1. Please report the accessible area of Arg142 (heavy atoms, 1.4 Å probe, ligands and nucleic acids excluded) in Å², nearest 10.
2. Amide H neighbours of Leu129 under 5 Å, at least 5 residues apart or on other chains, H built in the peptide plane: list them.
3. At a probe size of 1.4 Å, how large is the accessible area of Val122, to the nearest 10 Å²?
4. What FRET efficiency would be calculated for the residue pair Ala145, Arg3, taking the C-beta separation as r and a Förster radius of 35 Å, to the nearest 0.05?
5. I'd like the Karplus ³J(HN,Hα) series for the range 177-187: coefficients 6.51, -1.76, 1.60, θ = phi - 60°, whole numbers in Hz, and an x wherever there's a Gly or Pro.
6. Would you pull out the residues with amide H under 5 Å of Thr164's amide H, same chain only if 5 or more places away, H placed 1.01 Å from N?
7. Can you give me the C-alpha center-to-center distance between the range 112-170 and the range 1-57, rounded to a whole angstrom?
8. Sequence-distant or interchain residues sharing an amide H contact under 5 Å with Ser67, placed H: which?
Amino acid sequence: MSRNAYLLGKRCVDILLSASALAVLAPTLAVIAIVIRLHEAGPVLFWQPRVGKDGRIFRLAKFRTMSPGLADVGELDTSSWVDGVPDDFVFKTAHSSAHRVTPIGRRLRRTSLDELPQLLNVLAGDMSLVGPRPEIVPIVERYSAEQRQRLSMKPGLTGWAQVTGRDKHDHGHKMAADRYYVQHASMQLDLQILVRTVWVALRGREAY
(Lines give C-alpha, C1' and ligand atoms only; values in the text may rest on other atoms or scores of the structure.)
Protein backbone atom coordinates (compact mmCIF):
# COMPACT_ATOMS: atom_id res chain seq x y z
CA MET A 1 0.00 0.00 0.00
CA SER A 2 1.34 3.44 -0.95
CA ARG A 3 1.78 6.08 1.76
CA ASN A 4 -0.98 8.26 0.27
CA ALA A 5 -3.38 5.32 0.21
CA TYR A 6 -2.44 4.46 3.79
CA LEU A 7 -3.01 8.03 5.01
CA LEU A 8 -6.36 8.24 3.22
CA GLY A 9 -7.45 4.90 4.66
CA LYS A 10 -6.19 5.95 8.09
CA ARG A 11 -8.31 9.12 7.98
CA CYS A 12 -11.40 7.19 6.90
CA VAL A 13 -10.90 4.74 9.77
CA ASP A 14 -10.39 7.66 12.18
CA ILE A 15 -13.68 9.27 11.15
CA LEU A 16 -15.65 6.02 11.21
CA LEU A 17 -14.33 4.70 14.52
CA SER A 18 -14.25 8.01 16.41
CA ALA A 19 -17.81 8.89 15.37
CA SER A 20 -19.02 5.38 16.24
CA ALA A 21 -17.19 5.42 19.58
CA LEU A 22 -18.63 8.82 20.52
CA ALA A 23 -22.14 7.57 19.76
CA VAL A 24 -21.70 4.31 21.69
CA LEU A 25 -19.91 5.93 24.61
CA ALA A 26 -22.23 8.95 24.89
CA PRO A 27 -23.97 7.60 28.05
CA THR A 28 -20.62 6.79 29.66
CA LEU A 29 -19.23 10.23 28.79
CA ALA A 30 -22.33 11.86 30.26
CA VAL A 31 -22.02 9.89 33.51
CA ILE A 32 -18.33 10.77 33.85
CA ALA A 33 -19.11 14.46 33.25
CA ILE A 34 -21.85 14.42 35.91
CA VAL A 35 -19.61 12.67 38.46
CA ILE A 36 -16.81 15.19 37.90
CA ARG A 37 -19.20 18.11 38.29
CA LEU A 38 -20.90 16.69 41.39
CA HIS A 39 -17.59 15.91 43.06
CA GLU A 40 -16.09 19.36 42.62
CA ALA A 41 -17.22 22.64 41.07
CA GLY A 42 -15.41 23.63 37.92
CA PRO A 43 -15.26 22.77 34.24
CA VAL A 44 -15.77 19.17 33.19
CA LEU A 45 -13.29 19.34 30.32
CA PHE A 46 -9.69 20.52 30.36
CA TRP A 47 -8.38 22.10 27.15
CA GLN A 48 -4.64 22.40 26.63
CA PRO A 49 -2.50 23.64 23.72
CA ARG A 50 -0.58 20.77 22.19
CA VAL A 51 1.65 20.45 19.13
CA GLY A 52 0.25 18.52 16.20
CA LYS A 53 1.43 17.47 12.76
CA ASP A 54 4.16 19.71 11.29
CA GLY A 55 4.20 21.80 14.46
CA ARG A 56 0.61 23.07 14.23
CA ILE A 57 -0.90 24.02 17.60
CA PHE A 58 -4.33 22.67 18.55
CA ARG A 59 -6.38 22.40 21.73
CA LEU A 60 -6.43 18.89 23.20
CA ALA A 61 -9.51 17.83 25.20
CA LYS A 62 -9.44 15.75 28.38
CA PHE A 63 -11.76 15.17 31.29
CA ARG A 64 -10.51 17.38 34.11
CA THR A 65 -8.63 15.27 36.66
CA MET A 66 -7.22 18.04 38.86
CA SER A 67 -8.72 20.65 41.11
CA PRO A 68 -9.74 23.89 39.33
CA GLY A 69 -6.88 26.31 38.95
CA LEU A 70 -4.17 23.64 38.81
CA ALA A 71 -2.61 22.94 35.46
CA ASP A 72 -3.08 19.36 34.29
CA VAL A 73 0.62 18.88 33.60
CA GLY A 74 3.61 17.61 35.49
CA GLU A 75 6.41 19.75 36.75
CA LEU A 76 8.87 20.93 34.11
CA ASP A 77 12.45 20.97 35.38
CA THR A 78 14.77 22.44 32.75
CA SER A 79 17.78 22.84 35.03
CA SER A 80 19.66 19.90 33.48
CA TRP A 81 18.74 20.62 29.87
CA VAL A 82 21.68 21.47 27.66
CA ASP A 83 20.66 20.97 24.05
CA GLY A 84 17.20 19.68 23.22
CA VAL A 85 15.45 17.24 25.54
CA PRO A 86 17.82 14.77 27.25
CA ASP A 87 17.15 11.06 26.97
CA ASP A 88 16.63 10.60 30.71
CA PHE A 89 14.03 13.37 30.94
CA VAL A 90 10.70 12.30 32.48
CA PHE A 91 7.88 14.81 32.13
CA LYS A 92 5.25 13.42 34.49
CA THR A 93 5.85 11.41 37.63
CA ALA A 94 3.72 10.06 40.45
CA HIS A 95 5.33 12.49 42.89
CA SER A 96 4.86 15.59 40.74
CA SER A 97 1.14 15.10 40.17
CA ALA A 98 -0.13 13.07 43.15
CA HIS A 99 -1.07 16.13 45.21
CA ARG A 100 -2.86 17.71 42.23
CA VAL A 101 -5.13 14.88 41.13
CA THR A 102 -8.65 14.52 42.53
CA PRO A 103 -9.87 11.09 43.76
CA ILE A 104 -12.18 10.84 40.73
CA GLY A 105 -9.37 12.01 38.48
CA ARG A 106 -7.08 9.28 39.79
CA ARG A 107 -9.59 6.61 38.80
CA LEU A 108 -10.07 8.18 35.39
CA ARG A 109 -6.35 8.24 34.77
CA ARG A 110 -5.83 4.66 35.90
CA THR A 111 -8.30 3.46 33.27
CA SER A 112 -7.41 6.16 30.70
CA LEU A 113 -11.05 7.29 30.66
CA ASP A 114 -9.85 10.89 31.01
CA GLU A 115 -8.52 10.63 27.44
CA LEU A 116 -11.88 9.77 25.83
CA PRO A 117 -12.80 13.39 24.92
CA GLN A 118 -9.87 13.29 22.51
CA LEU A 119 -12.16 11.34 20.21
CA LEU A 120 -13.46 14.84 19.39
CA ASN A 121 -9.93 15.84 18.35
CA VAL A 122 -9.73 12.73 16.17
CA LEU A 123 -13.07 13.45 14.52
CA ALA A 124 -12.02 17.06 13.89
CA GLY A 125 -8.82 15.91 12.21
CA ASP A 126 -6.36 17.36 14.73
CA MET A 127 -5.40 13.86 15.89
CA SER A 128 -5.54 10.27 14.71
CA LEU A 129 -6.53 7.20 16.68
CA VAL A 130 -2.91 6.01 16.46
CA GLY A 131 0.25 8.09 16.39
CA PRO A 132 2.85 9.73 18.63
CA ARG A 133 1.16 11.33 21.65
CA PRO A 134 0.82 15.12 21.30
CA GLU A 135 3.40 16.98 23.36
CA ILE A 136 3.18 20.36 25.08
CA VAL A 137 4.69 23.45 23.46
CA PRO A 138 7.61 24.10 25.89
CA ILE A 139 9.06 20.65 25.24
CA VAL A 140 8.63 20.75 21.45
CA GLU A 141 10.38 24.13 21.37
CA ARG A 142 13.50 22.30 22.60
CA TYR A 143 13.35 19.45 20.11
CA SER A 144 16.39 18.69 18.00
CA ALA A 145 15.98 18.18 14.25
CA GLU A 146 15.93 14.41 14.84
CA GLN A 147 13.30 14.68 17.56
CA ARG A 148 11.06 16.79 15.30
CA GLN A 149 10.63 13.74 13.04
CA ARG A 150 7.82 12.60 15.34
CA LEU A 151 5.82 15.64 14.13
CA SER A 152 5.67 14.25 10.59
CA MET A 153 2.49 12.36 11.47
CA LYS A 154 -0.68 13.38 13.27
CA PRO A 155 -0.53 12.80 17.02
CA GLY A 156 -2.53 9.86 18.28
CA LEU A 157 -5.00 8.99 20.98
CA THR A 158 -2.68 6.04 21.57
CA GLY A 159 0.66 5.01 20.19
CA TRP A 160 3.51 2.51 20.16
CA ALA A 161 5.14 4.12 23.20
CA GLN A 162 1.92 3.85 25.22
CA VAL A 163 1.39 0.12 24.58
CA THR A 164 5.03 -0.69 25.32
CA GLY A 165 5.34 1.12 28.62
CA ARG A 166 3.09 4.20 28.77
CA ASP A 167 4.37 6.83 31.23
CA LYS A 168 6.96 4.44 32.67
CA HIS A 169 9.17 5.38 29.71
CA ASP A 170 11.68 8.19 30.02
CA HIS A 171 11.71 10.72 27.22
CA GLY A 172 14.42 8.94 25.26
CA HIS A 173 12.48 5.68 25.15
CA LYS A 174 9.35 7.52 24.07
CA MET A 175 11.27 9.21 21.28
CA ALA A 176 12.68 5.88 20.10
CA ALA A 177 9.22 4.29 20.15
CA ASP A 178 7.72 7.22 18.23
CA ARG A 179 10.48 7.11 15.61
CA TYR A 180 9.84 3.38 15.20
CA TYR A 181 6.16 4.08 14.59
CA VAL A 182 6.81 6.89 12.09
CA GLN A 183 9.20 4.65 10.14
CA HIS A 184 6.96 1.55 10.18
CA ALA A 185 3.45 3.05 10.16
CA SER A 186 0.91 0.79 8.46
CA MET A 187 -2.68 -0.35 8.84
CA GLN A 188 -1.42 -3.60 10.36
CA LEU A 189 0.66 -1.79 12.98
CA ASP A 190 -2.21 0.60 13.75
CA LEU A 191 -4.54 -2.35 14.35
CA GLN A 192 -1.97 -4.03 16.59
CA ILE A 193 -1.61 -0.86 18.66
CA LEU A 194 -5.38 -0.42 19.00
CA VAL A 195 -5.83 -4.01 20.20
CA ARG A 196 -2.96 -3.69 22.67
CA THR A 197 -4.36 -0.37 23.91
CA VAL A 198 -7.61 -2.06 24.92
CA TRP A 199 -5.63 -4.67 26.85
CA VAL A 200 -3.48 -2.04 28.60
CA ALA A 201 -6.57 0.00 29.55
CA LEU A 202 -8.36 -3.07 30.91
CA ARG A 203 -5.35 -3.89 33.08
CA GLY A 204 -5.62 -0.40 34.55
CA ARG A 205 -1.89 0.33 34.45
CA GLU A 206 -1.08 3.59 36.23
CA ALA A 207 -0.80 6.75 34.14
CA TYR A 208 0.16 9.90 36.01
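1. 90 Å²
2. Here Leu157 satisfy the definition.
3. Estimated to the nearest 10 Å², Val122 gives 0 Å².
4. Working: r = 21 Å, r/R0 = 0.61.
Plugging the Cβ-Cβ distance into 1/(1 + (r/R0)^6) gives 0.95.
5. Taking θ as phi minus 60°, the curve returns 5, 5, 5, 4, 5, 4, 7, 10, 4, 7, 4 Hz for the range 177-187.
6. So Thr164 has HN proximity to no qualifying residue.
7. 12 Å
8. Under 5 Å from the amide H of Ser67 lie the amide H atoms of Thr102, each far enough along the sequence or on another chain.
The values are calculated or read from the model by the stated rules, or taken from the named source; none is laboratory data. Since this is a predicted model, take the numbers as computed values, not measurements. Glycine also receives a Cβ, built like all others from the backbone with ideal geometry; neighbour counts cover every protein chain displayed. Remember, those area values only see protein heavy atoms, side chains included, never the ligands or the DNA or RNA. Shrake-Rupley method; radii C 1.70, N 1.55, O 1.52, S 1.80 Å.
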